[in-house]
Amino acid sequence: MRTIAVVNQKGGCGKTITSINLAAFLAREQRRVLVVDMDPQGHSTLGLLPAGALPSKTMYEVLRREAGRQPPALREIIRTVRENLDLAPADILLSALPETLGGLVGREDFLAEAVASIEGQYEYVIVDCPPNVGLLTFNALRACSEAIVPMDPSFFSLHGLGKLLETFDVLEKETDHRIEARVLLTLYSGRSPFVQAVADEVRGHLDGRYFDTVIRYSVKLAEAASHGVPIAQYCKRCVGFDDYQTLAAEVLRQEAVSYGGEDSILVMDGTAAG
């Protein structure tokens with residue numbers, strides 16, 4: 001089971017859009033996928049569940065600890081979104097979790113314990129992280145072995161990227177937990193010399209720690225999320241569809257290389273080879 005955190009402390013760079021659409025395209029390729037919403041804003045929940053389908057239990061209940069109370073298992077809150085695609089939802093209550101868990105020993109591993117309980121039920125667990133590096137994000141990183149870092153081509157993103165990669169290094173040094181992180185360029189227009197320069201800077205300094213796929217700007221991606229569906233169910237003739245399908249293919253190629261799954265390779269017509 002591959003566990004992937006979609007993480008960046010900067011907001012507005014495409015974390016939720018990437019979580020939703022990568023998961024949907026992997027599910028189309030017959031991979032069993034769970035999206036875990038760890039953002040108190042609940043944007044993955046809003047982007048995958050139809051309007052009005054608010055969950056009664058969320059990640060807050062799973063991760064909260066209270067004397068004399070047994071928290072629900074992760075599987076108890078999971079909602080089926082469509083074939084091969086499930087969601088562990090979140091809402092604003094999750095923002096209270098860091099204070100609720102303050103002082104508890106092992107609180108940074110509560111998500112890892114929850115994810116371990118569903119080992120074998122999914123081939124991919126994709127965790128949508130909040131736009132900060134706090135307890136919720138740290139839980140996500142401890143629960144995952146890989147990270148996708150969406151990054152819009154801006155000066156502030158470039159400045160913050162080094163700090164985030166340092167966080168991964170500190171995590172490995174202090175906990176012996178290694179994260180295989182790759183940067184994903186998002187909201188890419190490619191029209192200005194500055195945008196192209198940022199992209200070149202990323203590729204030149206990351207030593208292969210980036211995706212070849214680039215996610216171009218597409219208003220259809222935001223429209224799809226506002227309707228509670230991935231781009232694959234909303235618009236098949238747009239760059240958003242093309243780019244996230246290509247990203248899924250790249251992720252599956254990594255699966256084939258890293259895990260020996262020769263049947264994982266996505267061929268050009270969008271079906272799994274094998």
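The values are calculated or read from the model by the stated rules, or taken from the named source; none is laboratory data. Note that this is a predicted model, so its numbers are computed, not measured. All Cβ positions, glycine included, derive from the backbone under ideal geometry; neighbour counts span all protein chains shown. Ligands, DNA and RNA are excluded from the accessible area calculation, which covers all protein heavy atoms including side chains. Shrake-Rupley method; radii C 1.70, N 1.55, O 1.52, S 1.80 Å.
Overview of results
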read-out	value
Boolean, Val170 is in contact (Cβ under 8 Å) with a residue 40 or more places away in the chain, open to solvent by 20 Å² or more (accessible area, probe 1.4 Å) and aliphatic (A, V, I, L, M)	no
All positions within region 108-136 that are at pLDDT below 95 and of a type in the set (S, T, N, Q)	Asn132
Top-ranked residue of region 239-248 - restricted to ones that are open to solvent by less than 20 Å² (accessible area, probe 1.4 Å) and free of Cβ contacts under 8 Å to residues at least 40 places away in the same chain, ranked as nearest to Pro50 (Cα to Cα)	Phe241
Qualifying positions in region 181-198 - surrounded by fewer than 18 Cβ atoms within 10 Å (Cβ to Cβ) and either among the small types (Gly, Ala, Ser) or more than 27 Å from Val239 (Cβ to Cβ) (or both)	Ser189, Gly190, Ser192, Ala197
Residues located in region 143-156, provided they are in a loop (DSSP other than H, G, I, E, B) and either at pLDDT 85 or above or open to solvent by less than 10 Å² (accessible area, probe 1.4 Å) (or both)	Cys144, Ser145, Asp152
Test result for Ala140, small (Gly, Ala, Ser), modelled with pLDDT of 90 or more, in contact with a strand residue (DSSP E or B) (Cβ under 6 Å, 6 or more places away or on another chain) and part of a strand (DSSP E or B)	no
From His159, His227, residue being at pLDDT below 80 and out of contact with any strand residue (DSSP E or B) (no Cβ under 8 Å at 6 or more places or on another chain)	His159
